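This report concerns only the one structure given below.
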Amino acid sequence: MVDKSELLRVPVFADLPDDQIAWFLSQSQELNLKAGEIYSRQGDPADSMYVILEGRLEGRGELRGESIAFELEPGDVTGVLPFSRMKQFTVSQRAETDGRALRFPASLFPDLIQKMPELTKRLVGLMSDRIREVTRLEQQRDRLASLGKLSAGLAHELNNPASAAKRASSQLREVLKKIKSASLELGRRDLTPAQKAEIEKLEALFTQSDVVPPDALTMSDLEDQIDSLLRSHGQNDLWMLAAGLARQNIQPQVVESLFANLEGDTARAALVRIAASVEVASLLHEIESSTSRISDLVGAIKEYTHMDQAPVQNVDVVKSLETTLTILNHKLKQGVLVQRDYQRDPLLVNSFGSELNQVWTNIIDNAIDAMRGKGELRVRTYRDGDCAVVEIGDTGAGIPDEVQSHIFEPFFTTKGVGEGTGLGLDTVQRIVRKHRGNIQVSSKPGDTRFQVRLPLAGTRI
């Protein structure tokens, strides 16, 4: 038999009148739980509220495809609560130790609401806390899932230039050996100052970094002409040099001048060294380009996360959008054409860290998915009074009319199980409101537009 004082020690029942406590006890069933015993199963009808009096229990189950687990101790209230829309238990609950609990039938909730209004108020507060906690966990999971996708994409984006730089560095080592060998060969020749100057002049000419490569057809013709010229001078094994010289738009007559001014073997050694120098210049350009790409990506990541920056600051909307587009380039480059229409004058808004980037990421990521990775993404910014307006549109299938009114609701999603949590646009709306702005959507097949309005920095609303 449960004593009144025992129930009063449960926080939600504390200080309630004795007559109300007595009524609750008269309508409840005392359960003696044995360790290992399951007293509610996932999927069973949600027909009871439980008050834990003694012992320790655990709950396990799945929520939106994710495993969850939690512990219950004396004083906890679990199961279905008044005003809850839960029809089935979402988890199974098992006693970890021997214990006792009170079972109150959900069918008596109307009477409970009438007879125990203060308890009802407390139980509704408890249910609100549960909802907030579940929402927080879902949002955390959503952020981690988004971070995982971004990280995978960025890893791929970083790997490409890193691999290119590594490959070029490896090739550079071999080419430097060729230069050393050719330089030793030239050193054994008795070259006049004029001949040395001619070789150095040609080497400088051939390795210019601002040379515009010819088109493919012209390059092929140049390669054939240089190869024929080398063969005419008995250099049948130097055909591999022709392609590198053609890429630098070297004309055959320039190569011919080497053989006109130098003895055959000397001209050969000079040409090998010059061609190797051309290859070195090309590899150095590739390394510079690759490392610059890595540096740009790292810079974009720092800008995206607002690393090393104040938590609240004035943010250039266009710069924020471009940073997000850089981060999402791994998805865009598969077949999405980005059309930009930016206002020339900077549009500054007061932003909390990287939260605006989170807004653009969710909207653009949804747009890419809606277009199935192929289509046109339109990004536009302009000023409207005291507001900065950002419009992001796509050429996807559109959002059905019956769905549009629900897209900002928590946990609403049109994606398959495991593909979305339904918190992306809910998060977008919360962040936009936090920034004292608003978001609207218009959609028809081939033209979906999200319009975000944010007060400009310094504006009072």
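Of all residues in region 260-269, how many are open to solvent by less than 40 Å² (accessible area, probe 1.4 Å), in contact with a Lys or Arg (Cβ under 9 Å, 6 or more places away or on another chain) and either free of Cβ contacts under 8 Å to residues at least 12 places away in the same chain or part of a helix (DSSP H, G or I) (or both)? So the answer is 2. The criterion of being without any contact (Cβ under 8 Å) to a residue 40 or more places away in the chain, within 40 Å of the chain's Cα centre (by Cα), open to solvent by 20 Å² or more (accessible area, probe 1.4 Å) and under 19 Å from Gln208 (Cα atoms) holds for Ser282. Just checking, does region 157-175 include any residue being at pLDDT 80 or above, open to solvent by 30 Å² or more (accessible area, probe 1.4 Å) and closer than 18 Å to Phe259 by Cβ? The answer is no; no qualifying residue exists. Residues in region 26-39 that are hydroxyl-bearing (Ser, Thr, Tyr) and surrounded by 18 or more Cβ atoms within 10 Å (Cβ to Cβ) were compared, and the one that is farthest from Leu108 (Cα to Cα) is Tyr39.
Name the strands (runs of 3 or more DSSP E) wholly within region 66-139 that hold at least 1 residues that are open to solvent by 60 Å² or more (accessible area, probe 1.4 Å) and farther than 21 Å from Leu31 by Cα?
Counting at least 1 such residues, we get 66-72.
Against the numbered list (1) open to solvent by less than 70 Å² (accessible area, probe 1.4 Å); (2) modelled with pLDDT of 90 or more, Ile407 comes up short only at (2). Residue pairs whose Cβ atoms lie under 7 Å apart, sitting 6 or more positions apart in sequence or on different chains, and linking a residue in region 209-237 that is closer than 20 Å to Glu286 by Cβ and at pLDDT below 85 to a partner that is polar (S, T, N, Q) and open to solvent by 50 Å² or more (accessible area, probe 1.4 Å), are Val211/Asn249; Pro213/Asn249; Pro214/Asn249.
Which members of region 11-34 meet the condition of being assigned to a helix (DSSP H, G or I) and of a type in the set (Gly, Ala, Ser)? Write out each step before concluding.
First, pick out the residues of region 11-34 that are assigned to a helix (DSSP H, G or I): 11-13, 18-27.
Ala22, Ser26, listed by residue number.
Give the number of residues within region 40-52 that are in a strand (DSSP E or B) and surrounded by fewer than 20 Cβ atoms within 10 Å (Cβ to Cβ). Adding up the residues that qualify gives 1. If the condition is being open to solvent by 50 Å² or more (accessible area, probe 1.4 Å), under 20 Å from Leu238 (Cβ atoms) and not small (Gly, Ala, Ser), then region 186-221 contributes Arg188, Arg189, Leu205, Asp221.
Given the structure, is Glu355 open to solvent by less than 60 Å² (accessible area, probe 1.4 Å) and modelled with pLDDT of 90 or more?
On the way: open to solvent by less than 60 Å² (accessible area, probe 1.4 Å): yes; modelled with pLDDT of 90 or more: no.
When the stated conditions are applied, Glu355 does not pass them.
Just for region 1-10: of the residues that are surrounded by 12 or more Cβ atoms within 10 Å (Cβ to Cβ) and part of a loop (DSSP other than H, G, I, E, B), which one is modelled with the lowest pLDDT?
Looking at the filtered set, the residue picked out is Val2.
Considered as a group, the residues in region 298-317 that are closer than 23 Å to Glu157 by Cα, loosely packed, with under 14 Cβ neighbours inside 10 Å and of a type in the set (A, V, I, L, M, F, W, C) include one that is modelled with the lowest pLDDT, and that residue is Met307.
Number of residues in region 361-391 that are in contact with a strand residue (DSSP E or B) (Cβ under 7 Å, 6 or more places away or on another chain) and within 19 Å of Lys333 (Cα to Cα) equals 13. When the residues of region 320-352 are filtered to those that are at pLDDT below 90 and of a type in the set (Ser, Thr, Tyr), the one that is farthest from Ser151 (Cα to Cα) is Ser351. Is there a residue being closer than 21 Å to Val134 by Cα, surrounded by 12 or more Cβ atoms within 10 Å (Cβ to Cβ) and not aliphatic (A, V, I, L, M) anywhere in region 11-25? Within region 11-25 (the criterion being closer than 21 Å to Val134 by Cα, surrounded by 12 or more Cβ atoms within 10 Å (Cβ to Cβ) and not aliphatic (A, V, I, L, M)), the answer is no, since none of the residues qualifies.
Yes or no, residue by residue, for (1) in a helix (DSSP H, G or I); (2) touching a Phe, Trp or Tyr at 6+ places or on another chain (Cβ under 6 Å); (3) open to solvent by less than 70 Å² (accessible area, probe 1.4 Å):
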site: Arg231; (1), (2), (3): yes, no, no
site: Gln235; (1), (2), (3): no, no, yes
site: Leu241; (1), (2), (3): yes, no, yes
site: Leu258; (1), (2), (3): yes, no, yes
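Among the residues of region 8-43, those that are closer than 13 Å to Arg103 by Cβ and not small (Gly, Ala, Ser) comprise Phe24, Leu25, Gln27, Gln29, Glu30, Leu31, Asn32, Leu33, Tyr39.
Can you tell me which residue in region 183-205 is nearest to Phe259 (Cα to Cα), limited to those that are among the acidic types (Asp, Glu) and in contact (Cβ under 8 Å) with a residue 24 or more places away in the chain?
Keep residues of region 183-205 that are among the acidic types (Asp, Glu), which gives 185, 190, 198, 200, 203.
Those left that are additionally in contact (Cβ under 8 Å) with a residue 24 or more places away in the chain: 185, 198, 203.
Working: Glu185: 16, Glu198: 12, Glu203: 15 Å.
In this case the residue turns out to be Glu198.
In region 318-334, the residues that are within 27 Å of Arg383 (Cα to Cα) and open to solvent by 10 Å² or more (accessible area, probe 1.4 Å) reach residues that are assigned to a loop (DSSP other than H, G, I, E, B) and modelled with pLDDT of 90 or more with C-beta atoms within less than 8 angstrom, at least six apart or across chains, in these pairs: Val318/Tyr342; Val318/Gln343; Val318/Pro346; Val318/Leu347.
The values are calculated or read from the model by the stated rules, or taken from the named source; none is laboratory data. Here the structure is a predicted model, which means the values were calculated and not measured. Using ideal geometry, Cβ is built from the backbone for each residue, glycine included, and neighbour counts are taken over all protein chains shown. Surface accessibility is based on the protein's heavy atoms, side chains included, excluding ligands, DNA and RNA. Shrake-Rupley method; radii C 1.70, N 1.55, O 1.52, S 1.80 Å.
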